[in-house]
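Chemist: Dropping the structure in here first, questions after.
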Amino acid sequence: MGEADARLGEFAEAEETLKRALRPKPDYARAQFSLGCTFADFANRGAAWEEYERLNGMNSNLESCLIGFGDRAARGPVAGTGSSRAR
């Protein structure tokens with residue numbers, strides 16, 4: 001649901017859903033990655049980099065995604081994602 005919320009431009013809902021997924025399992029790499037991408041898409045670069053660092057330290061199977069994720073966080077918001085709602 002968090003990824004779907006993000007695609008719809010619903011930042012607050014996406015963030016809460018993904019954080020809820022991480023509460024019982026903080027090493028859930030997919031949710032960590034999606035949360036970081038959500039932050040990056042909504043112009044919260046600081047939070048995006050924090051998630052990138054967390055994911056990088058997890059030694060997960062998402063290493064190949066980290067390269068694109070780092071680039072995404074550095075680029076800033078994706079056009080049309082409602083970045084005016086960024087926190």
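Chemist: Please find, among 34, 84, 64, the residue that is part of a helix (DSSP H, G or I) and at pLDDT 85 or above.
Modeler: Working: 84 fails: at pLDDT 85 or above; 64 fails: at pLDDT 85 or above.
None of the other options fit; the residue is 34.
Chemist: Next up: Just checking, does the range 7-22 include any residue being assigned to a loop (DSSP other than H, G, I, E, B), at pLDDT 85 or above, of a type in the set (Lys, Arg) and surrounded by fewer than 20 Cβ atoms within 10 Å (Cβ to Cβ)?
Modeler: Taking the range 7-22 and keeping what is assigned to a loop (DSSP other than H, G, I, E, B), we get 8-10.
Restricting the remaining residues to those that are at pLDDT 85 or above gives 8-10.
Imposing the further condition that a residue be of a type in the set (Lys, Arg) reduces the set to none.
No, because not a single residue in the range 7-22 is assigned to a loop (DSSP other than H, G, I, E, B), at pLDDT 85 or above, of a type in the set (Lys, Arg) and surrounded by fewer than 20 Cβ atoms within 10 Å (Cβ to Cβ).
Chemist: Could you tell me which residue of the range 8-35 is nearest to residue 55 (Cα to Cα), considering only residues that are within 12 Å of the chain's Cα centre (by Cα) and of a type in the set (D, E, K, R)?
Modeler: 30
The values are calculated or read from the model by the stated rules, or taken from the named source; none is laboratory data. This structure is a prediction, so every number in the text was calculated from the model and none was measured. Please note: Cβ atoms are built from the backbone with ideal geometry, for glycine as well, and neighbour counts cover all protein chains shown.
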